[in-house]
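Okay, so here's the structure we're looking at.
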Amino acid sequence: MPGFDNSINYKERQYNDLFRFLLENMQGEGILSTAISIDDVILHPEKYASNVVIMECSVHAQLYSERYKDLTLVNNGFNPDLAPAQPIVQEDDALAILGKFFIGDPYPPGYAVTEVTFHVDEPSTEDVPIPAGTVVLSEQNSNILFRTTMADTLLTGTTDVTIPVICTSSGPIGNVPAGTLVIMVDPIPGIEAVNNLNPAYGGSDGETQESYRQRLSSWKYSNVRGTYDALVAAITSVTGVNDYYIEPHPADEYGVTNISIDPDTPSVLDSVRAALEAWKAVDEKVIVSGVTLEEININAEGNANIDMNIPYSADELARFGELATHYLKVYINGGLNSDGSSNRGLGIGEDFIKSRAVSYVLGQVPELKDLTLGAPESNVAVAADKKAVAGTITVTVV
């Protein structure tokens, strides 16, 4: 455009420069009389308040100068030497204002996760329920709180139960070392100690200026927003998501996309919603909710005394029954295997297969020679948007 600096070096335009440019173009097009001195108009605009052309140029110059202020903020935000001092991108930073239209908002802060073991010194004489939301805190800093993400039970005859926990505050403050989450805010009768055997990880302050700037610099146009892959990428970017299900649209019909998330903790669901805003289509309607649970109720009978020269006692058989009950829950809900390794459990939409459950339990309780599931009578087909969860489980061992 004549009169403007068309070089790649950006610079802000002030009101007077824009006003002069517009006036010169009006004179050049024969719209404004050349008898009028542009310098006089700029120095004494009040003298020309009745001139419609001059007043229109003034209004446009004012609007353009405000827009150039916005552009200058964006330009400065993209310049590392002029970026804000704080290392974390803020939503109102010029850099974020520019980048959100291309790569979405900066990555949100992360919440640290780990597992906590609830312990008794001697095998428990009764089941001890551990509610979801049980809060433990760090002995090093009483402001660092973690809460359990699911309910579980310290079974009769056992000494430990390990449950996932998530920090109630985002940021690296939650990345605590192993052996530091040792205080229960509200002690549970029957539980003598609590501890995290592994460090917590995943706590972050959010995306840094450098990371966001690098992502923006590397951006290339592609039709990614609103695609299935875009939704998957957004969901899997969230720390703490164990599983998900995206309900497809009916054929040839536009509507709401329903997404089921496991676990259904508020912090995980909110983080997924925030991540989806960057990747879903602008006009796409997405509903994020916790996965619907389908209880699997089991009645089983096991045998430990086959070919035994010295049969197991009644107490031992009862103990084997408790272990079989526990590991049927672990098979469905997830948890620790007998060797201390982790078992994922059944995922969203994964069917309960009786033979697989039996095989798993026999591998965890070697004293059992066989295990027969009387109920359910057949395999349980779980809908694609639901997740199996252990219901009432009873195992008798003879």
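The values are calculated or read from the model by the stated rules, or taken from the named source; none is laboratory data. Not measured: the values here are computed from a predicted model. Because the Cβ atoms are built from the backbone with ideal geometry, glycine has one as well, and the counts that use them run over all protein chains shown.
Against the criterion of being surrounded by 15 or more Cβ atoms within 10 Å (Cβ to Cβ) and either free of Cβ contacts under 8 Å to residues at least 12 places away in the same chain or of a type in the set (A, V, I, L, M) (or both), Ala390 qualifies.
Within 12 Å of the chain's Cα centre (by Cα), modelled with pLDDT of 90 or more and of a type in the set (Ser, Thr, Tyr): which single residue out of Ser271, Ser237, Ser260 fits that description? Step by step, each of Ser271, Ser237, Ser260 is checked, and only Ser271 is within 12 Å of the chain's Cα centre (by Cα), modelled with pLDDT of 90 or more and of a type in the set (Ser, Thr, Tyr). The requirement of being of a type in the set (Val, Ile, Thr), touching a helix residue (DSSP H, G or I) at 6+ places or on another chain (Cβ under 9 Å), surrounded by fewer than 19 Cβ atoms within 10 Å (Cβ to Cβ) and touching a residue at least 40 places away in the same chain (Cβ under 8 Å) is not satisfied by Thr149. The criterion of at least 2 residues that are farther than 30 Å from Thr372 by Cβ is met, among strands (runs of 3 or more DSSP E) falling completely within the stretch 232-330, by 243-246, 256-262, 285-290.
Out of the residues in the stretch 309-352 that are acidic (Asp, Glu) and within 25 Å of Leu293 (Cα to Cα), which is surrounded by the most Cβ atoms within 10 Å (Cβ to Cβ)? If you could, list the steps in order and put the result at the bottom.
Step one: list which residues in the stretch 309-352 are acidic (Asp, Glu), which gives 315-316, 322, 339, 350-351.
Subset that is within 25 Å of Leu293 (Cα to Cα): 322, 350-351.
Numbers: Glu322: 18, Glu350: 16, Asp351: 12.
Looking at the filtered set, the residue picked out is Glu322.
Within the stretch 373-398, the set of residues being in contact with a helix residue (DSSP H, G or I) (Cβ under 8 Å, 6 or more places away or on another chain), among the β-branched types (Val, Ile, Thr) and farther than 21 Å from Asn242 by Cβ comprises Ile393, Thr394, Val395, Thr396, Val397, Val398.
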